[in-house]
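The values are calculated or read from the model by the stated rules, or taken from the named source; none is laboratory data. Only a predicted model underlies this, so the values are computations on that prediction, with no experimental measurement involved. A quick note on method: Cβ atoms are made from the backbone with ideal geometry, for glycine too, and the neighbour counts reach across all protein chains shown.
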Amino acid sequence: MKPIRLVAGFLTVGFWTLISRVAGLVRDMFMSAYLGDGPVAQAFVVAQSLPNMFRRLFAEGAFNMAFVPMYSKKLEGGEDANGFARDAYWSLAAFLAVFSAIAIVIMPALVWAMASGFQGDPRFDLAVTMGRIAFPYILFISLTALLSGVLNSMGRFLATSAVTILLSATMIVGMILARRFGWDMGRTLAWSVSVSGVLQLAFTWWALRRVGFTLPFQLPKWTPELKRLAIIAAPAALAGGVVQVNLIVGRQVASYTDGAITWLYNADRLYQLPLGVVGIAIGVVLLPEISRRLRAEDPEGAQHSFSRGAEFALLLTLPAAVALIVIARPIIGVIFERGAYDAHAAHNTALALAVYGAGLPAFVLHKVLQPQFYARHDTRRPFNYAVISMVVNAVLAIALMPLIGFLAAAIATSAAGWIMVVQLWLGSRRMGASAQMDARFRRRLPRIILSSLVMGAVLLAMMWGLGDAVTEKGSRTPLLLAMVLVGMGSYFATASLTGAMSLADLKASLRRGKRG
C-alpha cells in the first residue's frame, strides 16, 4: 500500500482549507454588511448552527472517527474495505433521512433548546423557518464526510479539501442573487446551505468514481462489521454530544444579549480560520496515518508522524493565537465593521476574538491528540474527558454571565478547551513510545514559544505607537496589513535564528514518502 505523504498531506489539506476559510470570511463579510447584528442575522446563525451541530456528530465527528480507522486498517490489510464502506454509506443515508425528517417536524423545540432567549420575539419564528430549510444539509454533508474518509484513507486529500469551498461559494452567490432580485435574504441563505450540501456530495461522489470506487444502490443491511462500527462510534457520539452541549450553553448565554449571538459567531469564524487550516488539516491526515502505522506494527513511524503533526501545528498556531489576542480590534474593524455592522458590534466581537485566541492552541492540540485514541478504537476515554470539560464550560458560563455578560460564553469555551487537552495528554501517556513526543519536538517547542512572544511584543509596540489610527476607517486597512507583515517577519526571522523551524527539514519531509 502506498504510504501517506504526511507533510504533503498537511499542506494540501491546509492550503485548500485556507482557501475555504477565506471564502468563509468573504461570506461573513457579505452577511455582516447586509444584515448587521439584527434579528435576521441572529436567527440565521441559530438556524445554520443546528445542522452543523449534528454534522460534528455524524460527519467529521463520531461516525467518521470510528469509520476511518476501521476502513484504513482494512485497506492496509487487503480486506474488503470498499464493501465495508458501501454498507456504511447506505446505512448512514437511511438513518439520517429519518433523523432529518423528525428534526424538521420538531424544529421549534430545537430552536428553543439552542436559544431560549428568542422566545416571544420575531427571531424565534425566523429561526424555525430557516432551520427547516437548512436542516437537510446534515444528510448531504455527513455522506460527503464518509466518502471523504475513503479518499483520505487512500492518501487523496485534494478533492476532499477543495470541496469545502462550495458552502461559502453557494451562500455568496445566493446573497448576490437575493440582493439583485429582491429575494428574502434569510430564506435565501438557508436554501443556499442545503443546496451546497447537494453540490458537495455530488463532487465527492464524482472524485471517488475517478479512482474506480462505485456506490450502486443497495438496501441498508446490518452486518457484524457495522455492529462493531456502531459499538466503537457510540462513545464518540456521546463525546460529540457533550461538545455540542458546550455550544448550546454558549448560544443560550448569548441569546439573552441582543446582538451577542452574531458577535460570538463572527469571532468564532475568525479563530476557526487558523484552527481549520492547521488543526483540522492535521487531524484529517493523522487519523488514517497513525491507524495504518499501528496496523503495520511501526511504532517508530507512528511517533514520528505524531511529533511532526504537533510540531507543525504549534509552529503555525502559537503566533496566530498571539496575533488574535493583540490585534483583535484592528482585525475585526477591517473585516466586519461596515454597512449595518457598527463600531459597537465590532468592539464586542473583538473582545470575544481575543478570548477565543487564548484558547486556539488548545483547540488545535485537541485535533492532534485525539487521533491517538481513535486510531486505537478507544472512544470511551475521550467521552469521559469531554464530560469533565462540559461541566467546566457550563459552570463558568453560567457563573460568569451575571458578571460579564455574553463574554462568559467565550471564556468558558477557551477554558474548557485547555481542560480537554490536559486530559488527552495525560491519557495518552499510557500508549507507549508511539504516543510520545520525540527529541526534535522537545527541542523546538520552547523556541517556537519564544518566537511567538517576540512577535507579540512587536505587535504590542506597533499598537501603542499607532494609537487610534488602527481603528479609523481611512487608515485601518493599510495599518493592519503593515502589522501583519511586520509581525510575520519578526516571527519567522526569530524562528529561523533560534532553530524553531528549518526549511531544510520541510523540504526533506516533502520528498520523503515513507515518513514525510
Hey, residue 258 under 29 Å from residue 406 (Cβ atoms), charged (D, E, K, R) and at pLDDT 80 or above or not = no
Flag if residue 442 is part of a helix (DSSP H, G or I), charged (D, E, K, R), within 30 Å of residue 299 (Cα to Cα) and within 27 Å of the chain's Cα centre (by Cα) = yes
query = Is there a residue being among the basic types (Lys, Arg), closer than 15 Å to residue 420 by Cβ and at pLDDT 85 or above anywhere in the stretch 369-388?
reply = yes
Tally, over the stretch 407-432, of residues that are of a type in the set (S, T, N, Q) and under 19 Å from residue 264 (Cα atoms) = 2
task = Test residue 278 against the criterion of being within 17 Å of the chain's Cα centre (by Cα), under 23 Å from residue 417 (Cα atoms) and assigned to a helix (DSSP H, G or I), and give yes or no.
result = yes
message = Looking at 365, 403, can you tell me which residue is surrounded by 15 or more Cβ atoms within 10 Å (Cβ to Cβ) and either of a type outside the set (S, T, N, Q) or outside any helix (DSSP H, G or I) (or both)?
response = 365
query = Does any residue in the stretch 175-198 that is in contact (Cβ under 8 Å) with a residue 24 or more places away in the chain and surrounded by 13 or more Cβ atoms within 10 Å (Cβ to Cβ) come within less than 9 Å, Cβ to Cβ, of a residue that is of a type in the set (S, T, N, Q) and not in a helix (DSSP H, G or I) six or more places away or on a different chain, and which pairs are these?
reply = none
remark   = Across the stretch 297-329, the tally of residues that are among the charged types (D, E, K, R), in a loop (DSSP other than H, G, I, E, B) and in contact (Cβ under 8 Å) with a residue 40 or more places away in the chain stands at 0
request  = Collect the residues in the stretch 222-255 that are at pLDDT 80 or above and crowded, with 16+ Cβ neighbours inside 10 Å, keeping them in residue-number order.
outcome  = 226
remark   = When (1) among the small types (Gly, Ala, Ser); (2) part of a helix (DSSP H, G or I); (3) at pLDDT below 90; (4) surrounded by fewer than 24 Cβ atoms within 10 Å (Cβ to Cβ) are applied to residue 358, the one that fails is (3)
inquiry  = Which condition from (1) surrounded by fewer than 24 Cβ atoms within 10 Å (Cβ to Cβ); (2) assigned to a helix (DSSP H, G or I) is the one that residue 258 breaks?
reply    = (2)
query = Within the group 162, 103, which residue is within 30 Å of residue 286 (Cβ to Cβ), surrounded by fewer than 22 Cβ atoms within 10 Å (Cβ to Cβ) and in contact with a Phe, Trp or Tyr (Cβ under 7 Å, 6 or more places away or on another chain)?
reply = 162
task = Within the stretch 469-483, identify whether any single residue is outside any helix (DSSP H, G or I) and of a type in the set (S, T, N, Q), and answer yes or no.
result = yes
task = Could you tell me which of the residues 341, 374 is touching an Asp or Glu at 6+ places or on another chain (Cβ under 8 Å), surrounded by 23 or more Cβ atoms within 10 Å (Cβ to Cβ) and of a type in the set (Phe, Trp, Tyr)?
result = 341
task = Could you list all residues from the stretch 1-51 that are buried (at least 24 other Cβ atoms within 10 Å of the Cβ), aromatic (Phe, Trp, Tyr) and at pLDDT below 80?
result = 10
query = Where in the stretch 78-142 are the helices (runs of 4 or more DSSP H), entirely inside, with at least 2 residues that are of a type outside the set (Lys, Arg), in contact (Cβ under 8 Å) with a residue 60 or more places away in the chain and farther than 30 Å from residue 215 by Cβ?
reply = 107-114, 122-134
note = Of the residues in the stretch 427-455, those that are touching a Phe, Trp or Tyr at 6+ places or on another chain (Cβ under 9 Å) and farther than 16 Å from residue 290 by Cβ number 4
message = Filter the stretch 327-348 down to the residues that are among the charged types (D, E, K, R) and either in contact with a helix residue (DSSP H, G or I) (Cβ under 6 Å, 6 or more places away or on another chain) or modelled with pLDDT of 90 or more (or both) and list them by number.
response = 329, 337, 338
ask   = Would the stretch 296-304 turn up any residue that is in contact with a Leu (Cβ under 7 Å, 6 or more places away or on another chain) and under 22 Å from residue 426 (Cβ atoms)?
value = yes
